[in-house]
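**Student:** Structure below; questions to follow.
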Amino acid sequence: MRRVSVDIGGTFTDCFLAFDGQYVETKALTTHHNLASGFMEALQNACLELGRTVQEVLGSVDAVRYGTTLGTNALIQRNGPLVGLLTTAGFESSVPLMRARGYGDGLSDAEQTDLPGADRPIPLVKMSMIVGIQERVDYKGTAVLTVDEEDVRTQVRKLVDGGAQAFVVSLVNAVVNPAHEREVERIILSEYPTHVLGAIPIVLSHRVAGRKAEYSRTMSAVLDAYLHDQMYHGMSSLEIVLRQNGYKRPMLLVHNTSGMAQLNSTHALQTIHSGPVAGLEASNYISAQFKLPNIIATDMGGTSFDIGLVTADGVKFYDFNPVIDRWLVSSPMTYLHPLGAGGGSIARYDRLWDAVEVGPDSAGSDPGPACYGRGGKLPTTTDANLVLGYLDEHNYAGGTISVSKRRAERAIEEHICKPSGMTLIEAAKAIKRKVDANMASAIFKEVAVKGYNPKHFVILSYGGGGPIHACGYAGRLGIHKVLIPPFSSVFSALGAGNMDALHIHEKSLYLMLYDATKRTMLEDFVVFNATVAELESRGREDLVRQGVDTAAIKTRVELDMRYGNQLAQISVTSPLARLQSMQDVITLLDRFSVNYAQRFGEGSQAPEAGVRINVIRVVSYVEHERLNLVQSTASTPAQAVPTSHRECWFPDVQDGQMTAVYDYRAVSEGMTVVGPALIETPRTTYLIEPGWKLTMGLNSSAWLVKE
Amino acid sequence: MGGDQEKSIIEKFLEENVLFLGPDQEIMEDHSVVPTTPRETEALGQFADPDQINLVRHKLQTACNESFDMVEQMGAAPGAKWGDLISGVWTANGDLALASMGGVLIFSVLTQHPVKFILKYWKDDPTVGLKDGDIFMHNDARYGNIHNTDQSLVLPVFHNGELICFTGAIVHEGENGAIEPGGMPSAAESPFDEGLKMSPIKVGENYAFKRDIMTFLQNSVREPKLQLEGMKSKFFAAMRMKARVEEAIAEYGVAAVIATLRKTLTDTEAEVRRRLTCWPDGKIRTNVFADGTLRENCLIRIRCELHKKGDELIIDFRGSSPEFLNRPNNPVLASLKGMLAQEFLSFVWPDLPRNQAVFAPMTVLTDRRSALHSSADAPNAQSMMTFFPSFTAVQIAVPKYLYSSSHRATDIIAGWYNMIVTFIYGGVNQYGELVGNVCADLNGMGGAARWNRDGEHSMAPIFAPMADIGEQELIEEEVPLIKIVPHRLMQDAEGFGKFRGGHGYQQIATMKDTSMWGFMCCSIGSKFPTTYGIFGGYAPGTLPLCKVKGVNVFEIMKDKRELMRFTIPQIMNERPFPGAKYSTHHMGLQLEFAKPGELYMITQGGGGGYGDVLERDPELVSKDYLDGLISILSVNNIYRVLMDEKTGAVDYTATTAARLAERELRKARGKPYHEFVKEWETEAPPAAVPFYGSWKDRSLIYRGSPDDTCPADAIVPIMMPNPKDLRIAQLEAELDAMRGAGGARA
């Protein structure tokens, strides 16, 4: 296998290079002005380690896989094109009103509950750039008001006069009958054909999202249009750089659906948050490879803490309505729960409870924690970790960031000790305890709300901040085993290197498997089978376009099912690709019942209220060759020699503990280090709390086990 | 036999011979937190570290949020889906100590009552009892809740035989078998028209519903499916939360849980008192008016006086309108308090925890049998029609304290829009099911203007953050309700001001593919605004219900598309459909069956404005104009801004001159206060307006005419004539007159 995988984050660009059985991890600073520079630097570092030239490597790899934050940046910077939206007449305010609740989408609980202080985000489509088309399709797909060509031309002209640089066409019930959207596209193209230089891209909503819900589908299309140009140019320029360096194949882009595809088969929206999703995909791989059926994947960075699940029953967790930046969309994404907690989370004294609270406000990386000395005055998690002795003032982040312990102390003294009367160490301990508890609660809720018991899981801890807090939050959850996975500091890039080419197509429908009012069961299977066939065909087209052999294509059918008119739609992996008998219907009902009970409790099922399928989803994929990482079984009585000792304080231990500090290079595979201890790497610190021990594995992986 | 002995015998006899256990006023009128019990004191002694308590609290709070998610996901009621619910943990005394972060916060002060009823009457009753595995439900608002469409469910949590707490949830379920579908009947003329009336009742034992009771409840409503799903969702959510409480006990000990629940209440009340202390002492008075009962137009006075002293706030509504014995617009006192708590939880201190102690430092004064403190004889399904304006009365008074307060938790605002302008529906859907419920669009109330910026358009109801107005495609999939216009911002529907309130939206609805379908509406404010601006800002305008009957708009779409219009003003002003009947009404519409393609049109109101319109930045005026939010009429005549109508370019010289001229005119119109009062004040309310409430003297209550009064401490409830009877009488009189005239002609 020869494969390059790159994941671009806010601070670092991570590279994972697999080359004839050798695995290399490298990093470079992200170059926001031109992402290709950081990309190539990280790759160059990797090639250097292999002793080969970049041209040599790029000329021989089978794929370059790329997870990008370009889309996220474009949203934050609001530098997309002026989008003109054509929607059904009467629905012009749907996007500006954001289902009312949109003021709080993407914000913390505290911000969501503050109604007087709440503001909607600056819109991606200005009100004056939204026009109504006089047409209407009903819920069944019947056109009750047809499209009037002259009306469309008039409205399009208004948008062009307003300066539209991209069109979004989103008409009501277009997923049931897309004829009107296509008709509008035809009319626009007749006025503004694609072959002229001033061609304006057109995005039709039904092509971006397949499920009903006009607001979130429209926003999916708007985001796609908004990001399209910038993504296209960014990707193309990177591809040019790769070609100049000898790469000849199409670049593969990592998708947030746990798959990847070529540029010609990628919507801009599918690339958002692809990095964290790739990390979860790597967790899936570790689960299979290390025979760990239940994994809670935790990724703690400077400003984020993402939680994902891998379960023994193989249930795929999706976010059907993810919030991207501040926008609710209806494009399915692999589910990850982002908790606004990282090293930058701000701690404060809460007068109400006479206790220390941490987050959700964050100092981020700019100004960052008080100890950074970049203007941040408020105490953060990182400041507490510094005061408690876990971090080395003189060697933080491998010496790349200079920190001041005195600044951290002062911030805690000023904002926590003064109002609460606590000593400095008590206050820092309280911060650590609360951070760990917050993470533990968030993990607990994520796992429990899906019907699982956290105690049956192993925690996977990766990202720069994870290994300092892993013992803390695992302990609070009653979980006694934590795995720091191999190549944990470039784990998302590793995940990107392990993905399949994959496409998801879905369609809303109203298919009663059991009609409780009429007391009848589904007997006509035509709609079900035809819909699956249509979605399979679309997936096949996507993959064939990328040169895939049809015979290699596999599919998985998933059904979103519900009881009665509940909100809960449980995604069920169908054991059947076609329905042929009543027994097949019963099989689906049984499968749904099991999944539902798993989540809400046995007996909570309500088939008496009727059962229906709301969405059929077909996942089409081609399996790619996997990496070969194995779990170490080595064990040695040899003891590593600490480089130093320093005093550390731990939340549940009264006095300071003289704690051994190790350089990671001194702790070889199979060695065990008993807590309290610290192992420092250039990118992170492993904190082994009292009562825990660490056993080092391969490729800087490690097991933390509570004794 | 001595006097004492005789008295004792009488008391014993009376106690043993109660006809039935109706609403207990002692429970219903007390919103204070039960004093710390010896058991709680003991627990606090064992588990006192605030940081540790904070960890336990965090765990239980997470559990509340988890069970909230479950109810939202598993519930079938439209209300459940957008979060018209809360889930929580009550102490062993029945006080709500912790509640979910999201949902309808009114409930946080309202849910204690049924639990306290269970503790007082059923716990030791040998025929009922309270034991592990019991499931209790309740929906009758006279025992707690807002109205009978809300259903609550609680489970007791025991540990080694000791009652530790209750877990449960309360949800706006919608349909409840009332005289009209959907659970909020504005046609109700007595509590017996309001559907299901569960006093707190044991509906299950050993963690299972009793099938006979479940059947009875399903049999009592139009949507048995909904009833089943609602009960199951609340039960399993309560069970999940019970499991979490048990886990907390296992991890931290039983004392930790008891101590945490108690400390949460105590600390919350102490914090509210601290915050009140930051306000200046003094009295602020406001008056607001409800302009109808949903059946007829009239003026219902809500008189409000806030008195802040030290760490206490007294909210005095004495002198307000009498109760309406045959109209459902009367809140029980507890509902009013719940709504007032909402003001403090959402709009003043949104950072406070959600529990009933938030309201403990407040005192509410009312006249018994007033429209804000109704008796058990009065219906209350639409109590919002008086308690929403009462909320506003407090909301527009509070900024006057906050301006001088040393502590603020959020922005100072004018009056939020406060009416549930949406359609309630009932009938047979496209799949042949009988359905009845309320549309989620009620959640798009216009946000109030802030002290430093405009209000947000149709943003959130006054009773819940993060509520949702839904997606039309999903609504159409379940019910045959077709919105030609689902949510379109209405021009000029704002409270004008230096900072304007957010706009509301218009809705144009019709239906198809059904054999029977009816619409209802339940809002006031079509004649007199229900919310207001502050510091010179305007109230938003009033808007009617409009109907177009005798048309099938789907046929128009098919054959005469050129007649189609997509705004209410266009339809009502241009009247494009030949032969159709156009009409306007107040927004109290009782169930009215419609024909396919007929149009029902309403408009959600806007938020109140803040500050003087002449101080509004002309560029903001121009932007609103270009966005279609305001007409050129408002630009010129309200804001006194002059601009190029095509480009929106402001003519600053002309604008400055126009504003100066307007200021001069204001001075010319102005007069000394005592002169104004002399001209304006009258001894009694005008005879031409049916006025309810006190006029000059709060101890004398007017009952609809200047000649009909009663003392405030002995209110005589109002009985309204049936508007249909009045109409018949009017028509008969006209007929008689015509017959007389005709006879003469003959």
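The values are calculated or read from the model by the stated rules, or taken from the named source; none is laboratory data. Since this is a predicted model, take the numbers as computed values, not measurements. Note that we place each Cβ from the backbone using ideal geometry, even for glycine, and neighbour counts take in every protein chain shown.
**Student:** Just give me the residues in region B:473-495 being within 29 Å of A:T142 (Cα to Cα), more than 7 Å from chain A (Cβ to nearest Cβ) and either of a type in the set (D, E) or in contact with an Asp or Glu (Cβ under 7 Å, 6 or more places away or on another chain) (or both), in sequence order.
**Tutor:** B:P480
Residues checked against (1) among the polar types (S, T, N, Q); (2) more than 14 Å from every other protein chain (Cβ to nearest Cβ); (3) touching a residue at least 24 places away in the same chain (Cβ under 8 Å):
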position	(1), (2), (3)
B:G103	no, no, yes
B:S108	yes, no, yes
B:Q112	yes, yes, yes
B:F117	no, yes, yes
B:K120	no, yes, yes
B:D124	no, yes, no
B:G133	no, no, yes
B:A141	no, yes, yes
B:I146	no, yes, yes
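**Student:** Mind telling me which of the residues B:G447, B:G470 ends up being within 12 Å of another protein chain (Cβ to nearest Cβ), within 25 Å of the chain's Cα centre (by Cα) and surrounded by fewer than 24 Cβ atoms within 10 Å (Cβ to Cβ)?
**Tutor:** Of the residues listed, the single one that is within 12 Å of another protein chain (Cβ to nearest Cβ), within 25 Å of the chain's Cα centre (by Cα) and surrounded by fewer than 24 Cβ atoms within 10 Å (Cβ to Cβ) is B:G470.
**Student:** Within region A:665-680, track down each residue that is surrounded by fewer than 17 Cβ atoms within 10 Å (Cβ to Cβ) and outside any strand (DSSP E or B). Write out each step before concluding.
**Tutor:** Here is the first cut: in region A:665-680, the ones surrounded by fewer than 17 Cβ atoms within 10 Å (Cβ to Cβ) are A:665-666, A:668, A:670, A:674.
Scanning region A:665-680 gives A:R665, A:A666, A:S668, A:G670.
**Student:** A further question follows. If you scan region A:296-340, which residues turn out to be farther than 21 Å from A:I479 by Cα, in contact (Cβ under 8 Å) with a residue 60 or more places away in the chain and part of a strand (DSSP E or B)?
**Tutor:** A:Y318, A:V323, A:I324, A:W327, A:L328, A:M333, A:T334
**Student:** Could you please give the count of residues in region B:204-238 that are under 24 Å from B:D69 (Cβ atoms) and not aromatic (F, W, Y)?
**Tutor:** 15
**Student:** Go through region A:567-588 and give me each residue that's in contact (Cβ under 8 Å) with a residue 40 or more places away in the chain, farther than 23 Å from B:E223 by Cα and not charged (D, E, K, R).
**Tutor:** Scanning region A:567-588 gives A:S571, A:T573, A:A577, A:L579, A:Q580, A:M582, A:V585, A:L588.
**Student:** How many of the residues in region A:483-516 are assigned to a strand (DSSP E or B) and more than 14 Å from every other protein chain (Cβ to nearest Cβ)?
**Tutor:** 9
**Student:** A further question follows. Consider region A:542-594. How many of its residues are within 14 Å of chain B (Cβ to nearest Cβ) and over 20 Å from A:V611 (Cβ atoms)?
**Tutor:** Count: 0.
**Student:** Looking for something of a type in the set (S, T, N, Q), surrounded by 22 or more Cβ atoms within 10 Å (Cβ to Cβ), assigned by TED's automatic domain parsing to the domain that holds B:I249 and more than 23 Å from the chain's Cα centre (by Cα) - is there at least one such residue anywhere in region B:92-101? If you could, list the steps in order and put the result at the bottom.
**Tutor:** Restricting attention to region B:92-101, the residues satisfying the condition of being of a type in the set (S, T, N, Q) are B:93, B:100.
Imposing the further condition that a residue be surrounded by 22 or more Cβ atoms within 10 Å (Cβ to Cβ) reduces the set to B:93, B:100.
Pick out the ones that are also assigned by TED's automatic domain parsing to the domain that holds B:I249 and you get B:93, B:100.
Filter again for more than 23 Å from the chain's Cα centre (by Cα), leaving B:93.
Taking every residue of region B:92-101 in turn, at least one turns out to be of a type in the set (S, T, N, Q), surrounded by 22 or more Cβ atoms within 10 Å (Cβ to Cβ), assigned by TED's automatic domain parsing to the domain that holds B:I249 and more than 23 Å from the chain's Cα centre (by Cα).
Okay, residues lined up against (1) acidic (D, E); (2) farther than 21 Å from A:P322 by Cα; (3) out of contact with any strand residue (DSSP E or B) (no Cβ under 6 Å at 6 or more places or on another chain); (4) at pLDDT 95 or above:
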{"position": "A:V137", "(1), (2), (3), (4)": "no, yes, no, yes"}
{"position": "A:T146", "(1), (2), (3), (4)": "no, yes, yes, yes"}
{"position": "A:D151", "(1), (2), (3), (4)": "yes, yes, yes, yes"}
{"position": "A:S170", "(1), (2), (3), (4)": "no, no, no, yes"}
{"position": "A:N177", "(1), (2), (3), (4)": "no, yes, no, yes"}
{"position": "A:R186", "(1), (2), (3), (4)": "no, yes, yes, yes"}
{"position": "A:V196", "(1), (2), (3), (4)": "no, yes, yes, no"}
{"position": "A:M231", "(1), (2), (3), (4)": "no, no, yes, no"}
{"position": "A:S236", "(1), (2), (3), (4)": "no, yes, yes, no"}
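**Student:** Another question about this same structure. Residues to consider are B:I424, B:I412; find the one that is in contact with a helix residue (DSSP H, G or I) (Cβ under 6 Å, 6 or more places away or on another chain) and either surrounded by 24 or more Cβ atoms within 10 Å (Cβ to Cβ) or closer than 27 Å to A:R101 by Cα (or both).
**Tutor:** Working: B:I424 fails: in contact with a helix residue (DSSP H, G or I) (Cβ under 6 Å, 6 or more places away or on another chain).
B:I412 is the lone residue from the list that is in contact with a helix residue (DSSP H, G or I) (Cβ under 6 Å, 6 or more places away or on another chain) and either surrounded by 24 or more Cβ atoms within 10 Å (Cβ to Cβ) or closer than 27 Å to A:R101 by Cα (or both).
**Student:** Against the definition (closer than 23 Å to B:G455 by Cβ, buried (at least 24 other Cβ atoms within 10 Å of the Cβ) and either among the β-branched types (V, I, T) or in the same structural domain as A:I200 (by TED's automatic domain parsing) (or both)), how does A:T88 come out, yes or no?
**Tutor:** For A:T88, the condition - closer than 23 Å to B:G455 by Cβ, buried (at least 24 other Cβ atoms within 10 Å of the Cβ) and either among the β-branched types (V, I, T) or in the same structural domain as A:I200 (by TED's automatic domain parsing) (or both) - is not met.
**Student:** Identify, please: which residue in region A:354-409 is charged (D, E, K, R) and part of a strand (DSSP E or B) and is, among those, farthest from the other protein chains (Cβ to nearest Cβ)?
**Tutor:** Let us first name the residues in region A:354-409 that are charged (D, E, K, R), namely A:354, A:357, A:361, A:366, A:374, A:377, A:383, A:392-393, A:405-407, A:409.
Those still in the list that are part of a strand (DSSP E or B) too: A:357, A:361.
Values: A:E357: 8, A:D361: 12 Å.
This residue is A:D361.
**Student:** While we're here: Determine whether A:H206 is in a helix (DSSP H, G or I) and farther than 18 Å from A:E149 by Cα.
**Tutor:** It is true that A:H206 is in a helix (DSSP H, G or I) and farther than 18 Å from A:E149 by Cα.
**Student:** Here's a follow-up. What is the one condition in (1) at the interface with chain A (Cβ under 7 Å from one of its Cβ atoms); (2) touching a Ser or Thr at 6+ places or on another chain (Cβ under 9 Å); (3) over 30 Å from B:G436 (Cα atoms) that B:D51 does not satisfy?
**Tutor:** Exception for B:D51: condition (2).
**Student:** Would you call B:N145 under 23 Å from the mean Cα position of the chain (by Cα) and under 22 Å from B:A92 (Cα atoms)? Steps first, answer last, please.
**Tutor:** On the way: under 23 Å from the mean Cα position of the chain (by Cα): yes; under 22 Å from B:A92 (Cα atoms): yes.
The answer is yes for B:N145.
**Student:** Next up: Within region B:617-627, count every residue that is assigned to a loop (DSSP other than H, G, I, E, B), modelled with pLDDT of 95 or more and closer than 17 Å to B:G446 by Cβ.
**Tutor:** 0
**Student:** For A:E446, indicate whether it is touching a His at 6+ places or on another chain (Cβ under 9 Å) and either modelled with pLDDT of 95 or more or part of a helix (DSSP H, G or I) (or both).
**Tutor:** Spelling it out, A:E446 is indeed touching a His at 6+ places or on another chain (Cβ under 9 Å) and either modelled with pLDDT of 95 or more or part of a helix (DSSP H, G or I) (or both).
**Student:** Between residues in region A:446-469 that are among the aromatic types (F, W, Y) and residues that are in a loop (DSSP other than H, G, I, E, B) and surrounded by fewer than 24 Cβ atoms within 10 Å (Cβ to Cβ), which pairs lie under 8 Å by C-beta distance while being six or more apart or on different chains?
**Tutor:** A:Y452/A:N294; A:Y452/A:T311; A:F457/A:N294; A:F457/A:I479
**Student:** So which residues in region A:517-536 are within 14 Å of another protein chain (Cβ to nearest Cβ) and in a loop (DSSP other than H, G, I, E, B), if there are any at all?
**Tutor:** Passing the criteria: A:T517, A:K518, A:R519, A:L522.
**Student:** Please state which one of B:G88, B:G79, B:G94 is touching a residue at least 60 places away in the same chain (Cβ under 8 Å) and in a loop (DSSP other than H, G, I, E, B).
**Tutor:** Being touching a residue at least 60 places away in the same chain (Cβ under 8 Å) and in a loop (DSSP other than H, G, I, E, B) holds for just one of B:G88, B:G79, B:G94, which is B:G94.
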